[in-house]
Each structure stands twice: as structure tokens, then as C-alpha cells.
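Remarks on the structure that follows.
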Number of protein chains: 2
Amino acid sequence: MLMLITYDVNTETSEGKKRLRKIAKECQNYGQRVQNSVFECLIDPTQFAKLKYKLESIMDLQTDSIRYYNLGSNWQNRVEHIGAKESYNPEGFLFV
Amino acid sequence: MLMLITYDVNTETSEGKKRLRKIAKECQNYGQRVQNSVFECLIDPTQFAKLKYKLESIMDLQTDSIRYYNLGSNWQNRVEHIGAKESYNPEGFLFV
């Protein structure tokens, strides 16, 4: 299934930036970063349970939020991208 | 249908902040802001075509990106929120 994960954090603080980096690192084990704080993970339910546990131990529950959207297995027709860089890559490396 | 709209923009510039405010204003005609740059719009296909046209005239196609995710009509079971503020409100007013 495709799980869309959106993470809301204040990146004007260094702690927020650090949490976003950690969240990104975990999500990128299962998929890709499509925007600065939006991740698409191709994942099965068991893997998702593990990932969810990790993300929720990284985030600050008082200030940050995470939303999970289950796009199911027929997700290809549900997604459309407009504008800059289809594959987001904050590190500047080229995905090939 | 529920259309999820995620907007990627550099808000460290005043132009970026301004575009985000305009995008938010348009999306909030059809739904709610659930995170800083994530919007959920309950919308029909005709309304969506109009909204899409507006958003794509506001965004900077060279630097920003928008992703649209069609969550269909059975979206209630597809969404989960963890952490701070279920209804995001950058203006500080209370939704009641």
C-alpha cells in the first residue's frame, strides 16, 4: 500500500530541523521524500506499524503533528504533481 | 471527494510566505488547513478544476510544487492524525 505521511514541525528552530531530518531518514527507508515534509512510503501493514512507532517516538507530540493517509494499492491514478522537482532531494544528490 | 493538497514553498522568503497565504486562502474556500502547507478540500470535480487553475496561477512553477491526492469518497478510514492541533489554524482563532 502507499502511505502518505505529512509532518508539521516548526523548522525555524534547530530542534525542529533535527526532528524533520530524523523523520525523513526513517521514511526514506520505505519510500521517497516528495516535498520538504511530505513522504510517500510503499509499505506493508507490519512495516508501517514499526515505522509509525519510530516516527511517534521522534516527534514532539505537544508541538508537531503527523498525518497518515492510506492511498491503498491503486494509488497511481490518485496522485498528481505540478511544478518544481518531482523527486525532492534536499541533499542535492541526483537520484538515478 | 476529498482532495488532499500539499504545497511545497520556501517560506524563508517573503514572496514564498505570501504565495502560501494565497494558496491557503483559496483552499480554505473548500476545506481546511490541516498542517502549515497541507489542505483537505471536500470538492466536486468541477470545483476542483477551478481551484487547480487558481492555485497554479498563484504558485511559482520554477520553485514551488503542488501535489494533489484524490482520497475519493470513502476517505474517512484513510486518514489518521497524531500530535498537536487536529485543526490547524495559523491565525490563532478557535474553530468551534
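The values are calculated or read from the model by the stated rules, or taken from the named source; none is laboratory data. Note that the structure is a prediction, hence the values are computed from the model and not measured. Cβ coordinates were reconstructed from backbone atoms using ideal geometry, including for glycine residues, and neighbour counts include every protein chain displayed. These accessible areas exclude ligands, DNA and RNA; they are computed on the full protein's heavy atoms, side chains included. Shrake-Rupley method; radii C 1.70, N 1.55, O 1.52, S 1.80 Å.
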Can you work out which of the residues in segment B:56-83 that are at the interface with chain A (Cβ under 8 Å from one of its Cβ atoms) and of a type in the set (A, V, I, L, M) is farthest from residue A:64 (Cα to Cα)? B:61
Within segment B:36-47, residues over 8 Å from the mean Cα position of the chain (by Cα) and facing chain A (nearest Cβ under 9 Å) come out as B:36
Show me the strands (runs of 3 or more DSSP E) entirely contained within segment A:1-80 in which 3 or more residues are open to solvent by less than 10 Å² (accessible area, probe 1.4 Å). A:2-8, A:38-42, A:65-70
